[in-house]
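Quick notes on the structure that follows.
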Amino acid sequence: VRLYSPAGLARAHWLSKKNTYQGMRLCSKHAVEAGTKSSHKAGASTAACEALHVLAKQEDLVVLRHVHFAPGEEPEGWEAGILADHPRIKVDAVCRRASDGALVAYQYQGNRFHGFPPGNPLHETFGVGHQWGPALWNKTRRRTEQYIKGPHLGLDGTTRPEGYVVVEVWEHDYISYKQQVKAAPRGGEVSAPPTLAFTQHAHDPDLDMSEAAMASRDVPVDTMPAGDHVRSKQARECASLSALSAAGDGRVAVNLAVATGGPCPLCRQTNSAAKAAAKAEAASV
């Protein structure tokens, strides 16, 4: 059982539509085989690529380097390491802003892996590996500050003193954008077309990155329910769901049983054939 916010449910529905082939809703594995979804590449995501292209069109960015996903094709490209002190740490993309020629380091922050910003109703919920959301947020903010401060490398591997403009797009903002696009009237003039929200940070080589300074900018993490770290994952999820429901959050428990042949008909067919073969083999012994 996985916990999804209403926005997460919308995202799951959108993904399932993308994985549709001949009227069948497929799992990721069979969607790749059917050519309706790109295969996986570690460290990169289809959502990051899609959001980047929306932002590039909206903000007049020229995409210089990123991992590009296209249905039925292998992922192309690679991510860029822009930190001179940590060249193995990558950003999702590097772009050039057409208006002033500034280089932009782009990051797509998935909520499951990076938490939710303070003030968001889902800020104090659990993320990947059942880590506490505020702790994920602090870790993400510290990494972003590394990108902001530098020192930076250019795409040619040489030092770049002028640094990068750092742009973050959050998953919940991208989901909201897609919902606005879907709800927009078709045909005719649109007075205010939907825009993708993003956060922009200017290069700051004087940013204080001492442990004391970073700790002072952290959000509190002691709001996690007492003893939660020693309870089973299922118990933690149930408690989290109960607390969210009591708070009127509207979260829903969704059983995504794709791995066991849930909504994917090809998985069901494969599993049924395997069970039939095993049954026949047992009967012949």
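Using a 7 Å offset from the Cα along the Cα-to-Cβ direction at both L64 and S272, what is the distance between the two label points in nm, to one decimal? Distance between the two pseudo-spin positions: 5.4 nm. Surface composition of the stretch 135-216: carbon plus sulfur atoms hold 55% of the accessible area, using a 1.4 angstrom probe and ignoring ligands, DNA and RNA. Less than 5 angstrom separates the built amide H of N120 from none of the residues sequence-distant by 5 or more or on a different chain.
When you count the other C-beta atoms within 10 angstrom of each residue and take the mean per peptide, 199-211, 77-89, 150-162 line up highest first as 77-89, 150-162, 199-211. Dividing the mean sequence gap of close Cα pairs (under 8 Å, 6+ apart) by how many residues the stretch 108-213 holds gives a relative contact order of 27 percent.
3J(HN,Hα) couplings calculated from phi for the stretch 65-80 with the Karplus curve 6.51 cos²θ - 1.76 cosθ + 1.60 (θ = phi - 60°) are, in sequence order, 7, 6, 8, 9, 10, 9, x, x, 10, 6, x, 10, x, 8, 7, 9 Hz; Gly and Pro show x.
The values are calculated or read from the model by the stated rules, or taken from the named source; none is laboratory data. All figures in this text were calculated on a predicted structure; none of them were measured in a lab. Here the Cβ is made from the backbone with ideal geometry for all residues, glycine too, and neighbour counts use every protein chain on show. Accessible surface is based on the protein model in full, side chains and every heavy atom, while ligands, DNA and RNA are left aside. Shrake-Rupley method; radii C 1.70, N 1.55, O 1.52, S 1.80 Å.
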